[in-house]
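Taken together, the values in this text are just the output of simple stated rules run on the coordinates, not laboratory data. All values reported here derive from a predicted model rather than from experimental measurement. FYI the Cβ positions are ideal-geometry reconstructions off the backbone, even for glycines, and counts take in every protein chain you see.
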Amino acid sequence: MIDEKHRALRREYMREYMREYRTRPGIVEHYRAYKREYEREYRTRPGNAEKYRECIRRWRETNPERVLNNTLRHDHGISLDDYKKMFDAQNGECAICAEAYASGPRLAVDHDHKTGGIRGLLRGSCNGGLGLFRDDPHRLRAAIEYLDGNRDCQEPEVVESSTESTAH
């Protein structure tokens, strides 16, 4: 019978072997394709889809920083450390309205849709506002001129409607 010491040695040997094996040219792509296919097949077996979703949900709950790091890498090509450096450089404030981040959703990563370059961190509403103006400086200037030109407008009059009943 194999004792615990030999099991530990064998496990370490296999880990090292797999580390080296996966770094050979072409092996990584082959391994990833095999793993994707296996996972897809596993999830389609009866009863496994629910187990898989539950497992993913639990992992996301216990690893929020890794989830955020993966999201930032996938969506913007930056790490969580890069995000934190930008956050500190902006003193935790939105780059447009300078409101400090307190709690709730994190500051959004604002990026140029044409180049993909990151411009800064914004509150969700400021980032959404830029999106609604299609990131077009001419539209934003026109909106500013519109607002400046209509600062002294009067409040609309409230007209009360009266319902008169006519009796015959």
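Brief remarks follow.
- Correct option for Rg and Dmax of the Cα atoms in Å [calculated from the coordinates] among (1) 21.8, 82; (2) 19.7, 63; (3) 28.3, 108: (3)
- Mean separation of Cα contacts under 8 Å, 6 or more apart, over the residue count of the chain: relative contact order %: 9 percent
- Nearest 10 degrees, 0 to 90: helix 27-44 Cα axis against the chain principal axis: 70 degrees
- Degrees, to the nearest 10: 64-76 long Cα axis against longest axis of the chain: 70 degrees
- For the chain, the 222 nm mean residue ellipticity estimated from helices alone, with every DSSP H stretch of n ≥ 4 adding -39500 (n - 2.57) and the total spread over all residues, rounds to -18500 deg cm²/dmol.
- Extension gain (nm, one decimal) between MET14 and TYR146, 0.36 nm per residue minus Cα-Cα: 40.7 nm
- 0 to 90° range, to nearest 10: angle between helix 48-62 axis and the chain longest Cα axis: 70 degrees
- Take each peptide in 63-74, 4-15, count the other Cβ atoms within 10 Å of every residue, and average; sorted highest first, the result is 63-74, 4-15.
- Ordering of 123-130, 141-148 by burial proxy (mean other Cβ atoms within 10 Å per residue, highest first): 123-130, 141-148
- Cα gyration tensor, region 1-76 - rounded (a/c under 1.5), prolate or oblate: prolate
- Contact order normalised by residue count of region 79-150, Cα under 8 Å, 6+ apart, percent: 22 percent
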